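Notes follow once the structure below has been shown.
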Amino acid sequence: MADHPDPPPTHAPAPAQGGTDDVDAVTHALLTAARLLVTVSARSLAAAADRVTLPQFRLLAVLARHGDAKLVEVAERLGVNPSTAMRMLDRLIVAGLATRQSNPDNRRETMLRLTPDGRRMVEDVSAARHREISAIVERLDPVQRAALVGGLTAFTEAGGAPAVPDDDAEPYPLGWSDTHVRRYDG
């Protein structure tokens, strides 16, 4: 007999109805899924990790999503102070992934922009993440997929997050909203 572990169950046990047991079961399942998604996201960024840090990639992703922007706008979307965003940007400029140019409408303002190499990096990382998640979803049967869509949609709505459009555009590459309240200065 082969010495292989049993395959994982295809269906999670049904949580108890009502009370805290079902809340605990769902919370545990979501935390487990979140760990998997963080792992997938980290693997998708691994190819770019020798060139950028995770916070720097977030800056690239914000520029890819919103286009040219002023430093203060990017800092606000990232939830960091402008000085922190400037340090990240300086490193991205040295790496050839972003540029800083005068705003043609107001020469006193500086606009931040992705270079073609920076845009390609965001696209490559997002595509790798999409492929890996798609491969996981393909292993689910159609009933499980439908249940997952319904459950995750309800969870997203309950959390107050905006709905994701039905097209293939990824609104938040690597899953970050661009309207944080918290400031990070590290």
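The values are calculated or read from the model by the stated rules, or taken from the named source; none is laboratory data. Everything quoted here is computed from the prediction, not taken from an experiment. Cβ atoms come from the backbone with ideal geometry, glycine included; neighbour counts cover every protein chain shown. We work out accessible area using only protein heavy atoms, side chains counted, and drop any ligands, DNA or RNA first. Shrake-Rupley method; radii C 1.70, N 1.55, O 1.52, S 1.80 Å.
Just a few scattered comments:
- Subset of segment 68-88 that is of a type in the set (Gly, Ala, Ser) and touching a strand residue (DSSP E or B) at 6+ places or on another chain (Cβ under 8 Å) - its residue that is farthest from Arg120 (Cα to Cα): Gly79
- Candidate set: segment 89-113, residues that are surrounded by 22 or more Cβ atoms within 10 Å (Cβ to Cβ) and within 20 Å of Ser126 (Cβ to Cβ); chosen: the one modelled with the lowest pLDDT: Leu112
- Residues in segment 126-154 that are in contact with a Leu (Cβ under 8 Å, 6 or more places away or on another chain) and either more than 30 Å from Leu60 (Cα to Cα) or open to solvent by 60 Å² or more (accessible area, probe 1.4 Å) (or both): Leu140, Leu148.
- Pairs with Cβ under 8 Å, 6+ apart, first in segment 101-123 and of a type in the set (Val, Ile, Thr), second surrounded by 12 or more Cβ atoms within 10 Å (Cβ to Cβ) and assigned to a strand (DSSP E or B): Thr110/Lys70; Thr110/Arg100; Thr110/Asn103; Thr115/Ala98; Thr115/Thr99; Val122/Leu114
- Val38 passes every criterion in (1) touching a His at 6+ places or on another chain (Cβ under 6 Å); (2) open to solvent by 30 Å² or more (accessible area, probe 1.4 Å) apart from (1).
- Selection of segment 41-62 for residues being under 18 Å from Pro116 (Cα atoms), open to solvent by 50 Å² or more (accessible area, probe 1.4 Å) and basic (Lys, Arg) yields only Arg51.
- Members of segment 63-88 that are open to solvent by 30 Å² or more (accessible area, probe 1.4 Å) and touching a Phe, Trp or Tyr at 6+ places or on another chain (Cβ under 9 Å): Arg65, Asn81
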